[in-house]
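These notes concern the structure reproduced below.
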Amino acid sequence: MSYSPSLSYFLDRLSGYSTNYFRLEPQNATTASPNQIIRFTLPSNALLNLRSFALHFTATTSSGSPGIARLPPDIASLVERVEVSCGGVQLSAGANYYNVLCAAKRALTDKMVDPVLGHPEMVRTISYVDGAAVSGNETYTGSTSHFCIKQWEGFLGSAEPKIMDSSLVPDIVVSIYLADTSVLANVAGAAIAGTSDTGIDVDGSGSVSYSLSNIHATIECIGLADGTYDNMVSSMIQTKGFLEVPFKQYYSFQDTHAGQMRFSVATQSLDRLWVCHRNAAYNTSSGAVPIKGYKTAGAFVSAAAANNDTTNFDIGKPEFDVGGSLDYTKERLTTTAFDFPEPGGSALTYQFQLNGAYVPQFRATFEEMYQISCNSVNGPTQNKVGLETMKTNMSVQCVRLNLPESEYSRLVSGLNTRSVSLNGFYNISGLSGTPTVNLFAECTSTLMIGAGRQLSIEQ
């Protein structure tokens, strides 16, 4: 017999609990540049809060004349791949185009980017990071780390339980691969209409680059002076032979789409398929891309006209004159690497084919696919922009293949493709041209931990 918590006076107690934060230095160097790798070894013999792992650094841009560089929205866009290994064994190889996956999830779910340390918007002539004027490249100097990446996809952001006992496994190493220069905006060209003197332009010339300094990481470590936990873990290993730690694994595919795109993945649980359609200039450092519907014309007023205030006022009218509703009362820009326009064509329809089974069972329009995507993600979807903006700059789709919210209950319920070879196709009808498409397969893998630090991975 049990009672409602509202009627219960019982209180559980955990004795000997302590927590603290540790600073981790990189294995190689405290500075890095495009396409380099940053590695950290996590503390051993400790209870690690994996969700608390955070990468700190200062990012600064440079250029060759006449280029002028700007950092992209969301500082996590500088990361191309995240790999986690344990004793030399890859737990999570990490998907290429990690930053594209993050941008696609932001477009559909509007995940919050920390406005203090996450660099959520592109900087114009005055930086909101340090308040300094930015007449040329976006630069930050000094011994302070201005930016922090604290939300991760893959093992660090999805392993359950999130408190992991590192004494059960060999040393855990996190390898962070930096992106190339195409993630930057090169704003040394002709200005976007109506935005003169803002420092944001529509095309670029010359070369741009970036560098990181003051690199380090932090993580929360937990201590328990109670032997109950250790006894419980030992008992589970003796009884079952191993401990199970499920986590999300992503496999990426990129192709020039001509109506049908093929992919294949072998996994114990194929949970979701994510698709984003790329800007034709996605792999070049082109100028800033204005998001459809937001302010362009009139979005800047000079200091002389701003009541003697030296800041820049966003007083212009948004492209969609909607009376201040939704999110269109500001300027919003992105880079070509993270601009996702709907492909060209007429009466476009979309459909996945998995070993002959169609998902959905009909050829869906963009609007129908958006509703399916809303039903496929955990948590709420974005509520700031309208249909035209989604089609123009945020054409992202998601199809769920596992039980709704099964991740919250440690339940593996996705499509098992290990016994049969999965032939998957992403079909677009009515397409004109050959756009570049990125497809991500979201899967659940399981880390099996046995006695004596024995490890195995069930993909």
If the chain between residue 347 and residue 262 were fully stretched, how many nm would it gain, using 0.36 nm times the residue separation less the Cα-Cα distance? 28.4 nm
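In a shell of Cβ-Cβ distance under 15 Å around residue 426, excluding residue 426 itself, what net charge do Lys and Arg (+1) and Asp and Glu (-1) give?
Working: positive: 262, 272, 278, 363; negative: 255, 342, 442.
Net charge in that neighbourhood comes out at +1.
Using only C-alpha atoms and all pairs of different ones, pull out the Kirkwood radius for the range 1-107 in Å with one decimal.
On the way: mean 1/r = 0.0541 Å⁻¹.
That comes to 18.5 Å for the range 1-107.
Kindly provide the helix-only [θ] at 222 nm of the chain, computed as the sum of -39,500 (n - 2.57) over DSSP H runs of four or more divided by all residues, to the nearest 500 deg cm²/dmol?
Only helices count here, giving -3000 deg cm²/dmol.
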Taking R0 as 22 Å, what FRET efficiency do you get between residue 37 and residue 454 from their Cβ-Cβ distance, rounded to the nearest 0.05? 0.20
Yeah, the range 200-277 with a ≥ b ≥ c from its alpha-carbon gyration tensor (a/c under 1.5 is rounded, else prolate when a/b outruns b/c, oblate otherwise) is oblate
Give the cross-link partners of residue 105 among the lysines, using a straight C-alpha distance below 29 Å as the criterion and excluding same-chain residues fewer than 8 apart. 150, 162, 248, 292, 295, 317, 330, 384, 391
Scan of the chain for chymotrypsin sites (Phe, Trp or Tyr not before Pro) in DSSP loops with at most 11 other beta-carbon atoms within 10 Å gives a longest site-free stretch of 11-459
Probe 1.4 Å, accessible area per residue of the chain, Å²: 44
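Can you sort 226, 171 by 1.4 Å-probe accessible area, starting with the largest?
Values: 226 45, 171 80 Å².
Most to least solvent-accessible, the answer reads 171, 226.
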Apply 1/(1 + (r/R0)^6) to the Cβ-Cβ distance of residue 133 and residue 429, taking R0 = 51 Å, and write down the FRET efficiency to the nearest 0.05. 0.50
Report, to two decimal places, the Cα Rg of the range 1-45 normalised by 2.2 N^0.38 Å (N = number of residues). 2.40
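So between residue 244 and residue 403, what do we pick up on full extension, going 0.36 nm a residue minus the alpha carbon distance? Mind dumping the intermediate values first?
On the way: separation 159, 0.36 × 159 = 57.24 nm, distance 1.96 nm.
Taking residue 244 through residue 403 to full extension adds about 55.3 nm, to one decimal.
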When every alpha-carbon pair in the range 324-378 is counted, what percent end up more than 20 Å apart? 51
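Which shape class, rounded, prolate or oblate, goes with the range 50-102 when its Cα gyration tensor gives a ≥ b ≥ c as root eigenvalues, a/c under 1.5 marks rounded, and past that a/b bigger than b/c marks prolate?
Values: a/c = 2.56, a/b = 2.20, b/c = 1.16.
Prolate.
DSSP loop GluC sites (Glu not before Pro) in the range 369-444 with at most 12 other Cβ atoms within 10 Å of their Cβ, which ones? Can you show the working numbers first?
Details: sites: 388, 405, 407, 442; in loops: 405.
Within the range 369-444, the qualifying GluC sites (Glu not before Pro) (loop, at most 12 other Cβ atoms within 10 Å) are 405.
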Between the range 54-115 and the range 371-428, the Cα center-to-center distance that results, in Å: 21
Nonlocal amide H pairs with residue 345, under 5 Å, H built at 1.01 Å: 432
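How many percent of Cα pairs in the range 94-192 exceed 16 Å?
72
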Using a 7 Å offset from the Cα along the Cα-to-Cβ direction at both residue 141 and residue 359, what is the distance between the two label points in nm, to one decimal? 5.3
Of the trypsin sites (Lys or Arg not before Pro) in the range 380-433, which ones lie in a loop per DSSP and count no more than 11 other C-beta atoms within 10 Å? 384
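Place a +1 charge on the Cβ of each Lys and Arg in the chain and a -1 charge on the Cβ of each Asp and Glu, then give the dipole magnitude about the Cα centre in debye, rounded to the nearest 20.
Values: 29 positive and 39 negative charges, 124 e Å.
Dipole magnitude for the chain comes out near 600 debye.
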Whether the range 373-438 is rounded, prolate or oblate, judged on the alpha carbon gyration tensor where a/c under 1.5 counts as rounded: oblate
Carbon and sulfur: what percent of the chain's accessible surface (1.4 Å probe)? 51
Below 8 Å between Cα atoms, with a sequence gap of 6+, how large is the relative contact order for the range 370-440 in percent? 26
Going by alpha carbons, how many degrees (0 to 90, nearest 10) lie between the helix axis of 228-240 and the longest principal axis of the chain? 80
Residue 375 to residue 416: FRET efficiency via 1/(1 + (r/R0)^6), r the Cβ-Cβ distance, R0 25 Å, to the nearest 0.05? 0.70
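With the contact rule set at Cα under 8 Å and sequence spacing of 6 or more, what percent relative contact order holds for the chain? Present the calculation step by step, with values, prior to reporting the outcome.
Details: 1122 pairs, mean separation 104.0, N = 459.
Relative contact order here is 23 percent.
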Express in nm, to one decimal, how much length is gained between residue 90 and residue 366 on full extension, taking 0.36 nm for each residue of separation and deducting their alpha carbon distance. 95.6 nm
Alpha-carbon radius of gyration plus Dmax, which is the widest Cα pair, for the chain in Å: 24.0, 76
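The values are calculated or read from the model by the stated rules, or taken from the named source; none is laboratory data. Treat the numbers as computed from the prediction; the structure is a model and nothing was measured. Cβ coordinates were reconstructed from backbone atoms using ideal geometry, including for glycine residues, and neighbour counts include every protein chain displayed. These accessible areas exclude ligands, DNA and RNA; they are computed on the full protein's heavy atoms, side chains included. Shrake-Rupley method; radii C 1.70, N 1.55, O 1.52, S 1.80 Å.
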